[in-house]
Every structure is written in structure tokens, then in C-alpha cells.
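Note sheet for the following structure.
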Amino acid sequence: MRETTVFEKLAASVINVLFVLVISMPVYFFVKDSLTKKFMIIGIFFVYNLVCMVFNENVCLGMMLMKTRYAREYSLSRHVLYVMLYTLSFSSLLFWIFFPLDLFLVNMLLLQLPTILIKKTTLHGYLSGNITTISTH
């Protein structure tokens, strides 16, 4: 087993985001208020990750498809903090200040990528007690 690469981490997150956006489709069609829509999608992302944490041994769809898992067992409190920070990171896709995806680009290029390159984990993984992932293939 080896540490996951930047690509594997990114691909797992892209899979999770796409899955949540697909299951959030009813929100797009039935909720008119933009802010409410964004908060509902963020809530769905949070609940999705909690469900994976509780009912699927902390393995989300992205991790399953990318054949990765956590490097070791981590406490429940660390995982809950991880899910909260991962959700906060996800929310940068939905909000912007100057142009669409500006917060997301800052998050990815100035926070996540440098943390992955230096600490070998995402910023939310590092802040949650250095939660790391490994490849299982």
C-alpha cells in the first residue's frame, strides 16, 4: 500500500461532488431561492458524508471507486471534524466574491494543493488530526 497521489485525492472528491450534485437535482427544480438552494446542497453533501462515515465504515463513493481508504483508524470526533471541514471546502464551489469559482480556485490552489504537497493530506485532513489516505491497489 502507498500514500494516495494528488490525482487520487482530487478524483475521489470530484466523484463525491458529482454524486451529490446528481442526488441534489430535485433541489435545482423545486427550490427557487438561490441562497436556500446552495445551503440545501451543502447540507446534502454534509449528510452524505456523515452517512458514509456511520454506515459505510468511513468510505465514501469516491474512495470506493478510486480504491483508497484511510491509512488507519481515527476517532469519531476526528471524522466528524473532517466531514465538517470537507463540507466547508465543498461550499467554496457554490459561493464567489468577484467571479464564479474564485473561492474554489483560492481553496484548491492556495490551500489544498500546497497542503497535499507539503503534508501529504488535504487541509481538512491535516486540521482534523492528520487524517491521511492510502491506495489499496
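Just so you know, all these numbers are worked out from the coordinates, no wet-lab data involved. Note that the structure is predicted; figures quoted are calculated from it, not measured. Positions of Cβ are backbone-derived with ideal geometry, glycine not excepted, and every protein chain shown enters the neighbour counts.
For the range 40-137, the list of trypsin sites (Lys or Arg not before Pro) that fall in a loop by DSSP and count at most 14 other C-beta atoms within 10 angstrom reads 67, 72. Each Lys or Arg adds one and each Asp or Glu subtracts one; over the other residues with Cβ under 12 Å from the Cβ of residue 92, this totals 0. If you plug the beta carbon distance of residue 33 and residue 98 into 1/(1 + (r/R0)^6) with R0 = 22 Å, you get a FRET efficiency near 0.45.
Annotation: lysines with alpha-carbon distance below 17 angstrom to residue 67 (same-chain offsets under eight excluded): 9. Per residue, the average separation of C-alpha pairs within less than 8 Å and at least 6 apart gives the chain a relative contact order of 33 percent. Helices assigned as whole DSSP H runs in the chain whose Cα atoms extend at least 30 Å along their own long axis and whose mean Kyte-Doolittle hydropathy is -1.0 or higher are found at 34-55. Highest average first, the peptides 80-86, 28-34 ordered by how many other beta carbon atoms sit within 10 Å of their residues are 80-86, 28-34.
For Rg and Dmax of the Cα atoms in Å, the value computed from the atomic coordinates appears in the list [x] 14.9, 47; [y] 16.7, 53; [z] 15.4, 50 under label [x].
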